[in-house]
């Protein structure tokens, strides 16, 4: 009998590329992962890994196992979802990955609703960038993700994941200087933006370039609270999503942008793992968004 947990480790190795990455993602030691994969080789009776320098690569037999493992894991999740649906109370644990402004704007209200409506449901929340969080849901590190998609940018689409809209999120220019009435007026201002390589940074830079200038990015941080503080103190301007205020009155002066650009905020989960706890989480998140006036 082939051990399903070891098959899942092989699939993780195919996805992550190195034994060290698998160990880090699953909180195992590298030696433990290696031992489990060696045991899997003995179970199937064929070589699965070959050394390639300091790394390992999968043999054709291992690639075949990985292909079938995805289907097996899906069937197991379907079975677990069916069993969960047979229960009378929504319970268990949902591992939720969120990006920062969703954590600031939606999560506190959602947690209050969870406690009121589903007291037996445990929700574990981790902040992750949407691109990596979507891959982590596919890899079964998380059960559900709140992700974002900026205008003109497409978030990764993975065949095993579904996608449900949560809300639209308008983006505005935060500036203390009262003479700034449009993004073009901020051409000589210091800017704070998120790190290079993120969708938000690329969109922000392109928005400035379309307005006719290259932004003077003097501050770079993924922490939107730091963005707000820099705008409040007059040291920078920033493009801020409405979601970060969580329905509260903004603490900085906001300038509308031409065309009122909005990013799409959505949730994503594995299609095969859609049990009542996931449905409950999505329903609560939708309620939170509506209560905060962000729908």
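The values are calculated or read from the model by the stated rules, or taken from the named source; none is laboratory data. Bear in mind the structure is a predicted one, so any value in this text is a computation, not a measurement. All Cβ positions, glycine included, derive from the backbone under ideal geometry; neighbour counts span all protein chains shown.
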Within segment 154-186, the residues that are surrounded by fewer than 16 Cβ atoms within 10 Å (Cβ to Cβ) and more than 27 Å from residue 279 (Cα to Cα) are 177, 178, 179, 181, 182, 184
Meets criteria (on the phi < 0 side of the Ramachandran plot and in contact with a strand residue (DSSP E or B) (Cβ under 9 Å, 6 or more places away or on another chain)) for residue 217 | yes
Residue match in segment 187-203 (condition: loosely packed, with under 14 Cβ neighbours inside 10 Å, touching a helix residue (DSSP H, G or I) at 6+ places or on another chain (Cβ under 8 Å) and either in the same structural domain as residue 100 (by TED's automatic domain parsing) or over 30 Å from residue 4 (Cβ atoms) (or both)) = yes
In segment 210-255, which residues are assigned to a helix (DSSP H, G or I), within 24 Å of the chain's Cα centre (by Cα) and over 16 Å from residue 293 (Cβ atoms)?
-> 224, 225, 226, 227, 228
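For (1) assigned to a helix (DSSP H, G or I); (2) surrounded by fewer than 21 Cβ atoms within 10 Å (Cβ to Cβ); (3) under 10 Å from the mean Cα position of the chain (by Cα); (4) at pLDDT 90 or above, each residue gets a yes or a no:
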residue	(1), (2), (3), (4)
77	yes, yes, no, no
81	yes, yes, no, no
97	no, no, yes, yes
125	no, yes, no, yes
In segment 33-63, which residue that is surrounded by 14 or more Cβ atoms within 10 Å (Cβ to Cβ) and free of Cβ contacts under 8 Å to residues at least 12 places away in the same chain is nearest to the chain's Cα centre (by Cα)?
-> 57
Residue check for residue 131: closer than 30 Å to residue 170 by Cβ, at pLDDT below 85 and crowded, with 16+ Cβ neighbours inside 10 Å = yes
Being within 15 Å of residue 191 (Cβ to Cβ) and in contact with a helix residue (DSSP H, G or I) (Cβ under 9 Å, 6 or more places away or on another chain) is the filter here, so list the residues in segment 224-249 that pass it.
-> 224, 227, 228, 235, 236, 237, 238, 239, 240
Which one of these is at pLDDT below 90 and either touching a strand residue (DSSP E or B) at 6+ places or on another chain (Cβ under 6 Å) or in the same structural domain as residue 246 (by TED's automatic domain parsing) (or both): 163, 140?
-> 140
Could you tell me whether segment 222-241 includes any residue that is surrounded by 16 or more Cβ atoms within 10 Å (Cβ to Cβ), closer than 30 Å to residue 117 by Cβ and in the same structural domain as residue 134 (by TED's automatic domain parsing)?
-> yes
